[in-house]
Amino acid sequence: ARSSSCHVRRRGASRRRRSASRARGLGPAFDASNPELAARRLRVDGLPHGTTWRELKAHMERAGAVEFVHVPTGQPSADVDRCWVLFASASEATFAIGSLHGERFKDAPLQISRWSVQFLN
């Protein structure tokens with residue numbers, strides 16, 4: 001089974017992020033050792049099967065600027081829980097937790113939390 005990530009242009013960026021991954025195919029914005037990125041990265045659970053990264057990005061942008069979204073494709077449904085979103089700032093990520101956690105998306109409540117390296121295990 002293959003995982004694929006989306007790549008979204010950063011505000012003002014003239015080129016796309018490279019597709020090379022740093023951890024289990026989770027995309028270039030993933031660096032478990034970088035606390036600045038960790039403060040901006042959120043885990044999204046409860047995503048309905050078949051949701052695209054574009055749909056999730058559009059929904060999450062209600063809380064702020066989204067730099068990167070990862071939604072596994074071609075995976076068993078259990079791996080859909082490995083979705084994550086990288087916001088432009090830690091304050092936008094915090095706002096997303098407060099405003100979007102528990103909100104219905106495609107008739108399913110989303111659970112949004114801080115990303116943790118333990119989610120990789």
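The values are calculated or read from the model by the stated rules, or taken from the named source; none is laboratory data. In this text, all values refer to a predicted model and were calculated from it rather than measured experimentally. Heavy atoms of the whole protein, side chains included, go into the accessibility calculation; ligands, DNA and RNA do not. Shrake-Rupley method; radii C 1.70, N 1.55, O 1.52, S 1.80 Å.
Any chance you could look up the accessible area of Lys106 with a 1.4 Å probe, heavy atoms only, rounded to 10 Å²?
100 Å²
Sorted by accessible area (1.4 Å probe), largest first, how do Phe87, Phe95 line up?
Heavy-atom accessible area, descending, gives Phe95, Phe87.
Please work out how much accessible surface Val66 shows to a 1.4 Å probe, ignoring ligands, DNA and RNA, in Å² rounded to 10.
We get 10 Å² for Val66.
For Glu67, enumerate residues with amide H under 5 Å from its amide H, sequence gap 5+ or separate chain, H modeled in the peptide plane.
Under 5 Å from the amide H of Glu67 lie the amide H atoms of Leu86, Phe87, Ala88, each far enough along the sequence or on another chain.
Tell me, what is the 1.4 Å probe accessible area of Glu55, in Å² to the nearest 10?
Result for Glu55: roughly 70 Å² accessible.
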